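The next block holds one structure in the form of structure tokens; read it before the comments.
Nothing in this text is a laboratory measurement; each read-out follows from the coordinates by a stated rule. On a predicted model such as this, the values are computed, not experimentally measured, just so you know. So basically every Cβ, Gly included, is an ideal-geometry build from the backbone, and we count neighbours across all protein chains shown.
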Amino acid sequence: MKKITKHLFSLLSLLSIMTISSAEMNSMVPMPKVVKVNDYIYALLGPTELPNNSNRGYMVNSTVVVGDKGVILIDTGFTDEIGHHIKNIIATITNKPVTHIINTHNHGDHTLGNSAFENVKIISSEKCKTAIETNGYEWIGIAESTTGLKLPNTKPVVPTVTYAEGKHTNITLQGVKFEFWVPAGSHTPTDMMVLIPKYEILIAGDILVDTIMPSFRDGHVKTWISTLKEIGDMKLAKIIPGHGNLMTTAEVRELRKDMIKLYDGVEVGYKKGLTDSEIRKTLDLSEWTKRKHFDELMGTNINRTYLEVEEANF
Ligand SMILES: [Zn+2]
């Protein structure tokens, strides 16, 4: 009897340890879908809902590249808490520390998790660095208002290594060869894409999104369309977008077609002297209605396109 009690006791204490550790692992932030691209590269596909109280702002895709002595992490999430969550998930993949962070653009959902990582080099486009310096706190405000959380530990952390617009730079980090590509402003003026040529992998940030609506809020539609042409013509094995599932170059070419059609449709309406809300009624939006967050984003996207058409026709 005594022995059984003892066994029961140790079983119970084991269970309680397991409960504590799983509670620590499973923070209140939802789990991403972890896609093993190959032995060295993992895509952490975040939820595709807009930031809210139950996802605690977690909505971004991150990419984990395991190098010789450390990890290169691309995009870090919307809050310090999400950054720590991503760090914990990386620890289940490798015991190597994160030594480099790459931010694909300045938007808070991709950069505000930077604060969870210490002793890292943070890499981005030049304009991304400036934008984080200028708008970092504004993005914390957006994170707090959309999630209803107070975020005292979330601070903007600025990149220290930057690359100029229009450049392709080849660089080796932790034994892995990368190509950094800073296109003319597309999803934002601050975009930088990451290629891993050996495996024909492109990590695109929000220049590409799958399943959900792309956001034109800070975008430039015409140059974005040109960037999509370049991507669509590349030979790529895997494309990791900023949100949603992995994509193919065929899907990139489809997105480009939809964006051209939208731009041209807005331009036709503009030339007839219509307002953007009148133009909306003339557009065939059937391809866009299939995407998540159509209702929340389509109006802004048409308005942004209208302003760009107006500027181009001035
Ligand atoms: Zn994003």
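General remarks:
- Total formal charge among the other residues, if their Cβ is under 14 angstrom from that of Glu179, Lys/Arg +1 and Asp/Glu -1: +2
- Charge dipole (debye, nearest 20) of the chain; +1 at Cβ of Lys and Arg, -1 at Cβ of Asp and Glu: 1200
- Note on the stretch 120-169 and the stretch 52-89: Cα centroid distance 14 Å, given to the nearest whole angstrom.
- Shown for the chain is the translational diffusion coefficient from the Stokes-Einstein equation, using the Kirkwood radius over Cα pairs, a temperature of 10 °C and a viscosity of 1.306 mPa s: 77 µm²/s.
- Selected from Asn52, Asn38, Asn114 as most flexible by GNM, with the chain as the system and alpha-carbon contacts under 10 Å: Asn38
- Each of His107, His100, His293 was scored by other Cβ atoms within 10 Å of its Cβ. Arranged with the fewest first, they read His293, His100, His107.
- The loop-placed trypsin sites (Lys or Arg not before Pro) in the stretch 58-132, going by DSSP, that have at most 10 neighbouring Cβ atoms within 10 Å of their Cβ come out as Lys69.
- Placing dummy labels 7 Å off each Cα toward the beta-carbon, the span from Thr300 to Asn53 is 2.2 nm.
- DSSP-defined beta bridges in the chain - what % are antiparallel, rounded to 5: 60
- Annotation: amide H-H contacts under 5 Å for Tyr163 (H modelled 1.01 Å from N, sequence separation of 5 or more, or interchain): Ser124, Ser125, Glu126.
- From its DSSP helices (H runs of at least four residues, each -39,500 (n - 2.57)), the chain gives a residue-normalised ellipticity at 222 nm of -13500 deg cm²/dmol.
- With neighbour counts taken as other beta-carbon atoms within 10 Å, the residues Trp224, Trp288 rank, fewest first, as Trp288, Trp224.
- Neighbours of Val64, meaning other residues whose beta-carbon lies under 11 angstrom from its beta-carbon, give a summed charge of +2 when Lys and Arg score +1 and Asp and Glu score -1.
- Ranked for footprinting exposure by Cβ neighbours inside 10 Å, fewest first, Tyr199, Tyr270, Tyr58, Tyr42 give Tyr199, Tyr270, Tyr42, Tyr58.
- Given +1 at the Cβ of Lys and Arg, -1 at the Cβ of Asp and Glu and no other charges, the dipole of the stretch 37-150 around its Cα centre is 200 debye to the nearest 20.
- Karplus-based coupling profile of the stretch 245-259, in residue order and whole Hz: 7, 4, 10, 10, 5, 4, 5, 5, 5, 5, 4, 4, 4, 4, 6, with θ = phi - 60° in 6.51 cos²θ - 1.76 cosθ + 1.60 and x standing for Gly or Pro.
- Here the contact order of the chain, divided by its residue count and restricted to Cα pairs under 8 Å and six or more residues apart, works out to 12 percent.
- Longest segment of the chain lacking GluC sites (Glu not before Pro) that sit in a DSSP loop with at most 14 other Cβ atoms within 10 Å: 201-314
- All lysines inside 24 Å of Lys69 as judged from Cα atoms, apart from same-chain residues fewer than 8 positions distant: Lys36, Lys87, Lys96, Lys121, Lys177, Lys198
- Structural descriptor for the stretch 71-198: relative contact order 25 percent, calculated from alpha carbon pairs under 8 angstrom and at least 6 residues apart.
- Residue (of Pro156, Pro197, Ile86) at the positive-pole extreme of the chain, dipole from beta-carbon charges: Ile86
- For Val98, residues with placed amide H under 5 Å, excluding near neighbours: Val71
- The stretch 282-292 - phi-based ³J(HN,Hα) in whole Hz, Karplus 6.51/-1.76/1.60, Gly and Pro as x: 8, 8, 8, 9, 4, 5, 7, 5, 5, 8, 4
- Residue separation of Thr223 and Ser277 scaled by 0.36 nm, minus their Cα-Cα distance, works out to 17.1 nm of gained length.
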